[in-house]
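What follows is a short report on a single structure.
Here, each number is a calculation from the coordinates, and none is a lab measurement. What you are looking at is a predicted structure, and each value in this text was computed from that prediction instead of being measured. Positions of Cβ are backbone-derived with ideal geometry, glycine not excepted, and every protein chain shown enters the neighbour counts.
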Amino acid sequence: MDRFSRIYNFFVNGMAVLAGILIFLSFVMIVVDVTMRIVGLTPPPFTIAVVEYILLWFAMLAAPWLVRIKGHVFIDAVTRFFPAAVRTAVAKIVYAVCIGAAAIYGVHAAGLLMAAWENDMVDVRSIDMPLWALYGPMPICFAFVAFEFARYLIGIDDMYSRAADGQEGV
């Protein structure tokens, strides 16, 4: 189990690092594009399309890590006033709903990915990209998000533990 945990953590952290690299690359692409326009050169026509893909990939790749570190958006204004037993029960319900939602989105994204792959669909913009590239990270990342919420559900961690200490989202 320890080996599985290390491999799993490697993938969660690796996806977060890849997300950081991608967002940095999009920053560089935007700076180059704007600088070229300022000096009167014609920038590459694919910059906007590629940055849009990067933004989606960034969000998907960072999502499991954000759930892990409790960096995602959650509201505890109401649960903060519940007795401990009620707060625990509500938290378990929230975890189960989040697992279900991630699983539904993951299955749907997997269907979109398979359809795009099987039908050789292409996203036509300033650059022709295979549509499966858009959907590629979604099923995997939603599975990792579901797994992170499952960690909360079975008691490995608690999403509200730091929020109760006054360190929201940290």
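Quick look at the values:
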{"read-out": "Spin-label proximity, Ala110 to region 129-163 - amide N less than 16 Å from point 7 Å beyond Cα toward beta carbon", "value": "135-148"}
{"read-out": "Amide H contacts under 5 Å for Asp123, placed H, 5+ residues apart", "value": "Met129, Leu131"}
{"read-out": "For the chain, with +1 on Lys and Arg beta carbons and -1 on Asp and Glu, the positive-most of Leu131, Thr47, Gly106 along the dipole", "value": "Gly106"}
{"read-out": "Tilt relative to the chain, helix 2-38 - C-alpha long axis, 0 to 90 degrees, to 10", "value": "40"}
{"read-out": "Between 0 and 90°, nearest 10: helix 47-68 axis offset from the chain longest Cα axis", "value": "20"}
{"read-out": "Most positive-pole-ward Cα, Ala59, Phe147, Thr35, against dipole of region 2-164 from beta carbon charges", "value": "Phe147"}
{"read-out": "Dipole magnitude (debye, nearest 20) for region 2-164, charges at Cβ of Lys, Arg, Asp, Glu", "value": "680"}
{"read-out": "Relative counts (whole %) of C-alpha pair distances in the chain, using bins that are 10 Å wide", "value": "9, 29, 29, 20, 10, 3, 0"}
{"read-out": "Euclidean distance of C-alpha centroids, region 10-73 and region 119-134, integer Å", "value": "18"}
{"read-out": "Backbone N within region 65-100 under 18 Å of label point (7 Å from Ile30 Cα along the Cβ vector)", "value": "none"}
{"read-out": "Residue exposure sequence - Leu55, Leu22 - by fewest surrounding Cβ within 10 Å", "value": "Leu55, Leu22"}
